[in-house]
Amino acid sequence: MPVTRRLDLDDNESVWAVTARPVDPLPPLRGDVRADVVVIGAGFTGISTAYHLSQRYPDRKVVVLEAKRVGNGASGRNGAMALHWINGVEVRDADRARALYAVTTETLDWIKRVGVEHNFPVRFRANGCLEVVTHAERAEAAHEHAERLASWGLPIRFLQGAALAEKLRAQGAVGATFDPTTGQLHGLDLLHGLRGVLLGRGVDIYEGTPVVRIDEGREHVVSTPHGTVRAPALVLATNGYTPALGYFRGGVIPLHSHCVATEPLPLARWQELGWGDVAAFSDDLDRIAYASLTEDGRLLFGGGGNGAYSYYYGGRTATPRPPEREWAFVQRVLARYFPGAKDVRIAQRWTGTLGVTLSRVCSMGVMGEHRNVYYALGYSGHGVVLANLAGRVLCDLYSDHHEPWQSMPFYQAPLWGIPPEPFRWVGYHAFTALTGRSPRRNEARDALVRRR
Ligand SMILES: Cc1cc2nc3c(=O)[nH]c(=O)nc-3n(C[C@H](O)[C@H](O)[C@H](O)COP(=O)(O)OP(=O)(O)OC[C@H]3O[C@@H](n4cnc5c(N)ncnc54)[C@H](O)[C@@H]3O)c2cc1C
């Protein structure tokens, strides 16, 4: 029976936390309650699942348990790029490409629409994201790929020269794939707005309520420090924190991405420094760099090399020390892309926990002796859209309506292959130091072969 390890959760100090419209904390669970569904975790996965369940089943009781605050995890501290595609899945034919693109389009449209429908504001910068290419050879391949996607009817373009410069002048960028339907989402706007909708529908959300033990059964008993929830259905919506709950220890690792954000500058100043008409960009390197400009002129920057990501022994889900070295590394990458911004003051520094799988493909499904433990996790850094999609998927699986999702790569995708400690820690550090890449299924073996 799974029992949690020591909980290891830090507070959200990201640029999104600083710029969010404040909401009052919700009281923790005290006492013993019953529900039809208990959801653990109040990020995009948990809140979107509670949203769809409470919409489809207005008479059923849904309870959400959140260790800290709504949006305290990755959903409230990410790079904010709301993107298409499913990480880890290559698209090789038109039908597959259109089907995957359609699924993420529906979720992007939902993200853009739901605030309007329920009358709450969501900041979404809809001027598209770029995937920057930093090497001429890769630019050729990316160009061909973009043209193939465009020939299949998808609105993707490859930009170079003046067309790229209009959007971004980043040092070392030789081209970029642009998708105008993507953008930057203020995740806490969405979550805080949905929180209000859920409370209005009678969903109980308990903040400051860490789950410390789960006793699975036909009726689960979920224990927290001052109360329990008994429910016949359980949703694990804890992404990178899930192994600490005793699930998917061999399938997902909590990887930490360190970020910085500058002080706000006028947009005209960012144009001089190289930022034009685009919401965000990521680059084409294995340990990607990503950057995003907020509507009030703060540049968020993360990633860019081994030094920007950390794995801590035992799968710890918070940094054991202030990651000064890692933040300094990220600042250097920011200055490499935008040399003129070297002296712009950094106003926020934070770290977020990703849930990474070896194949990079996420998984959504149902498991357990009584087929009543629902899960969606392992978005591997691409969860802004996918974790919001998860709510629809899990609501369908709860309704025993599997058919729409069975052809999707994430449907019940097996998660496996991550060795236990100490092999995991040693393997991660050896692999990243030797290759400059992060471990992927088959890549460890391929890298060894290449080195021979
Ligand atoms: C720095 C960073 C940058 C990123 N950039 C992007 C990006 O630009 N684009 C993109 O698509 N994706 C990005 N991602 C990934 C994306 O943010 C995540 O995939 C997504 O937010 C996951 O949502 P979630 O709800 O599943 O998990 P989370 O948002 O992590 O939510 C899990 C929640 O569970 C709670 N919890 C954990 N344990 C317990 C417990 N025992 N009891 C109760 N509650 C618990 C946590 O407090 C947390 O609130 C980024 C992630 C990070 C960290």
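The residue that is nearest to the chain's Cα centre (by Cα), among those in the range 233-290 that are within 21 Å of residue 301 (Cβ to Cβ), open to solvent by less than 10 Å² (accessible area, probe 1.4 Å) and among the polar types (S, T, N, Q), is 257.
Out of the residues in the range 347-373 meeting the condition of being open to solvent by 20 Å² or more (accessible area, probe 1.4 Å), part of a strand (DSSP E or B) and under 25 Å from residue 8 (Cβ atoms), tell me which one is nearest to the ligand (Cβ to nearest atom). Per the criteria, the residue is 354.
The numbered conditions (1) within 15 Å of the ligand (Cβ to nearest atom); (2) part of a helix (DSSP H, G or I) are all true for residue 54 except (1).
Between a residue in the range 152-176 that is in contact (Cβ under 8 Å) with a residue 24 or more places away in the chain and any residue that is among the aromatic types (Phe, Trp, Tyr) and open to solvent by 20 Å² or more (accessible area, probe 1.4 Å), which pairs come within a Cβ distance under 8 Å, given they are 6 or more apart or on different chains? Hits for this filter: 175/158; 176/158. Within the range 26-38, one or more residues are basic (Lys, Arg), more than 9 Å from the ligand (Cβ to nearest atom) and either assigned to a strand (DSSP E or B) or open to solvent by less than 10 Å² (accessible area, probe 1.4 Å) (or both).
Of all residues in the range 42-69, which are touching an Asp or Glu at 6+ places or on another chain (Cβ under 8 Å) and open to solvent by less than 10 Å² (accessible area, probe 1.4 Å)?
Residues of the range 42-69 that are touching an Asp or Glu at 6+ places or on another chain (Cβ under 8 Å), as a first pass: 42, 46, 57, 60-64, 66, 68-69.
The answer is 42, 46, 62, 63, 64.
Please work out if residue 115 is out of contact with any helix residue (DSSP H, G or I) (no Cβ under 9 Å at 6 or more places or on another chain), away from the ligand (no atom under 12 Å from the Cβ) and open to solvent by less than 50 Å² (accessible area, probe 1.4 Å). Write out each step before concluding.
Values: out of contact with any helix residue (DSSP H, G or I) (no Cβ under 9 Å at 6 or more places or on another chain): no; away from the ligand (no atom under 12 Å from the Cβ): yes; open to solvent by less than 50 Å² (accessible area, probe 1.4 Å): yes.
For residue 115, the condition - out of contact with any helix residue (DSSP H, G or I) (no Cβ under 9 Å at 6 or more places or on another chain), away from the ligand (no atom under 12 Å from the Cβ) and open to solvent by less than 50 Å² (accessible area, probe 1.4 Å) - is not met.
Candidates 230, 218: the one that is closer than 22 Å to residue 367 by Cα, open to solvent by 30 Å² or more (accessible area, probe 1.4 Å) and either part of a loop (DSSP other than H, G, I, E, B) or near the ligand (Cβ under 10 Å from one of its atoms) (or both) is 218. Can you find even one residue in the range 70-84 that is over 14 Å from the mean Cα position of the chain (by Cα), within 15 Å of the ligand (Cβ to nearest atom) and in a loop (DSSP other than H, G, I, E, B)? For the range 70-84, residues over 14 Å from the mean Cα position of the chain (by Cα), within 15 Å of the ligand (Cβ to nearest atom) and in a loop (DSSP other than H, G, I, E, B): present.
Within the range 313-334, restricting attention to residues that are more than 15 Å from residue 263 (Cβ to Cβ) and aliphatic (A, V, I, L, M), the residue that is farthest from the ligand (Cβ to nearest atom) is 328.
The values are calculated or read from the model by the stated rules, or taken from the named source; none is laboratory data. Note that the structure is predicted; figures quoted are calculated from it, not measured. Heads up, the Cβs are rebuilt from the backbone with ideal geometry, glycines too, and the neighbour counts pull from every protein chain shown. Only protein heavy atoms, including side chains, enter the accessible area calculation; ligands, DNA and RNA are left aside. Shrake-Rupley method; radii C 1.70, N 1.55, O 1.52, S 1.80 Å.
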